[in-house]
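J.: I'd like to ask some things about the structure below.
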Amino acid sequence: MTWDWGAVSAFMPHFWDGLLVTLQALALGSLISFALGLVWTLLMRAPTRWVRWPVGVVTEFVRDTPLLVQLFFLFYVLPEWGLTFSALATGVCALGLHYSTYTMQVYRAGIEAVPAGQWEAATALNLPRLRTWRVVILPQAVRRVVPALGNYVIAMLKDTPMLMAITVLEMLGRARLFSQARFQFTEPLTVVGVAFVVISYLASLLLRALERRLVR
Amino acid sequence: MTPGLWELVLGGVWTTVQLLLFSALLATAVSFAAGIARTHRRWVVRFLAGLYTEVFRGTSALVMIFWVFFVLPVAVGWQLVPMWAGTLALGLTYGAYGAEIVRGALAAVEPAQREGGVALGFTPWQRLRLILLPQALPEMIPPLSNLLVELLKGTALVSVMGMGDLTFSANLVRLALQQSAEIYTYVLLIYFAIAFLLTRLMRGLERRLKANVGKAAPRRTAARRPRPADAGTKPVDAAVGGMR
């Protein structure tokens, strides 16, 4: 086996471009999953089973099927229905949708962990329903769920390479393009692999620091 | 969809199931080996097992698959058939997640049980085999069941390398029919059916293992199956969850 540092340095400019796309997808995907997950959780608390049941089935379905197939579905089927997005936008939507079915469970656990006394106090103070949620329950729930949400952000980071399959040039896509052009697979793929380990390790350190600040 | 295309899809299902079976076996072996090694007396063993889990959990499954398909042949000089390359990459990646589950469940067995074993003069191996594992196993099953569904979802990744699994066959059908809504809906439903079957099987296994150590099966509640994230708030999972 030969290791060619020249190939590494030739790959690095492409790597930074790919990293930027990866981080973009990650940031937007996380935002969508945080927002949509909360929507699912609140819908699952709806008083009627005609809302809870379909939402439960749909989210279970999305959670138990491969993200890759969902990506293909959105990428190929939406244009047939007359909706055309860029590959990156499609990827971000799929990531956000897929992970929202995980974050909904995180939120649910967080909301259930708010002590019953808080609900009772809100009732005793005669707070309106919306206000109870906005100023009493959610602030306490969100504080509890940050570490678990962070874990899913890290998991999502590791799923971003799948966007390559729908032609998004993120880190792995760049590596593949570069290695096919130069017939050097070892260096770019190893660089990308190491980058993932380093980024997810740094992210987990950051998360632990955040956890210490938020959860007391 | 013509019968010929359905045959293609069925072939894809078979490849996916085979790959799932092999990589699940490898992942189980690896996760028990690494998970138990992390409770070893010697720090070198603990360190190596910890290094393995951190590296393989830190990297992405798809990157690992690329690496096994493209770099490994150059590095060691032999090329694996796609099935074994996929098994190796998936088994090692998901084994690292499984190792954390095994370690967490072993650590969650009451310390008094271990001390009882020490007091009775059991060797470490006897303690593990006769005391710790029988009690830890039923606790591992729900998170392992979730991991198995994750592994099933992971098997779709090998289609990127041109292996003829279910996802790959869907791509072929899309190219043949020039329309995608129908075939992708079927494929999603097939994956969902397999996942459903797996969770049922694992639940049956959990009931049997619990009965072996004299615990009642968990009562059915509104939640259909134990989910990864609710576990996230329980103390056990602080150890299990860690970094995903």
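J.: Any residue in the range A:112-120 that is within 12 Å of another protein chain (Cβ to nearest Cβ), surrounded by fewer than 17 Cβ atoms within 10 Å (Cβ to Cβ) and not β-branched (Val, Ile, Thr)?
T.: yes
J.: Looking at the range B:167-189, I want the residues that are within 7 Å of chain A (Cβ to nearest Cβ) and have a partner that is open to solvent by 70 Å² or more (accessible area, probe 1.4 Å) and part of a loop (DSSP other than H, G, I, E, B) with Cβ atoms under 8 Å, at least 6 apart or on another chain. Which pairs are those?
T.: Qualifying pairs under 8 Å: B:Ala181/A:Trp81.
J.: Is it the case that A:Val135 is modelled with pLDDT of 90 or more, facing chain B (nearest Cβ under 9 Å) and surrounded by fewer than 16 Cβ atoms within 10 Å (Cβ to Cβ)?
T.: For A:Val135, the condition - modelled with pLDDT of 90 or more, facing chain B (nearest Cβ under 9 Å) and surrounded by fewer than 16 Cβ atoms within 10 Å (Cβ to Cβ) - is not met.
J.: Looking at the range B:68-135, what helices (runs of 4 or more DSSP H) fall wholly within it and have at least 2 residues that are farther than 22 Å from A:Gln184 by Cα?
T.: In the range B:68-135, the matching helices (runs of 4 or more DSSP H) lie at B:82-108, B:111-119.
J.: Here is a further query. Of these, B:Ala211, B:Ala195, B:Ala217, which one is within 16 Å of the chain's Cα centre (by Cα), at pLDDT 50 or above and not acidic (Asp, Glu)?
T.: Among B:Ala211, B:Ala195, B:Ala217, only B:Ala195 is within 16 Å of the chain's Cα centre (by Cα), at pLDDT 50 or above and not acidic (Asp, Glu).
J.: Condition first: open to solvent by 10 Å² or more (accessible area, probe 1.4 Å) and more than 18 Å from B:Val63 (Cβ to Cβ). Now tell me which residues in the range B:147-168 satisfy that.
T.: The answer is B:Leu147, B:Leu148, B:Gly164, B:Phe168.
To keep it simple, each residue is scored yes or no on (1) touching a Cys at 6+ places or on another chain (Cβ under 7 Å); (2) among the β-branched types (Val, Ile, Thr); (3) more than 23 Å from A:Ile154 (Cα to Cα); (4) open to solvent by less than 80 Å² (accessible area, probe 1.4 Å).
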{"position": "B:Tyr52", "(1), (2), (3), (4)": "no, no, no, yes"}
{"position": "B:Phe56", "(1), (2), (3), (4)": "no, no, no, yes"}
{"position": "B:Met64", "(1), (2), (3), (4)": "no, no, no, yes"}
{"position": "B:Pro73", "(1), (2), (3), (4)": "no, no, yes, yes"}
{"position": "B:Gln79", "(1), (2), (3), (4)": "no, no, yes, no"}
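J.: I'd like the residue in the range B:81-100 that is within 12 Å of another protein chain (Cβ to nearest Cβ) and of a type in the set (Gly, Ala, Ser) and, out of all such residues, is surrounded by the fewest Cβ atoms within 10 Å (Cβ to Cβ).
T.: B:Ala96
J.: Also, quick follow-up: Just need a number here: residues in the range B:52-67 that are of a type outside the set (Gly, Ala, Ser) and not in a helix (DSSP H, G or I).
T.: So the answer is 1.
J.: With open to solvent by less than 10 Å² (accessible area, probe 1.4 Å), in contact with a Ser or Thr (Cβ under 9 Å, 6 or more places away or on another chain) and at the interface with chain B (Cβ under 10 Å from one of its Cβ atoms) as the only criterion, which of A:Val62, A:Val106 stands out?
T.: A:Val106
J.: Now for a separate question. Could you please find all residues in the range B:14-48 being under 13 Å from B:Leu166 (Cβ atoms) and buried (at least 18 other Cβ atoms within 10 Å of the Cβ)?
T.: Matches in the range B:14-48: B:Thr15, B:Thr16, B:Leu19, B:Leu20.
The values are calculated or read from the model by the stated rules, or taken from the named source; none is laboratory data. These numbers come from a predicted model, not from an experiment. Cβ atoms come from the backbone with ideal geometry, glycine included; neighbour counts cover every protein chain shown. Ligands, DNA and RNA are excluded from the accessible area calculation, which covers all protein heavy atoms including side chains. Shrake-Rupley method; radii C 1.70, N 1.55, O 1.52, S 1.80 Å.
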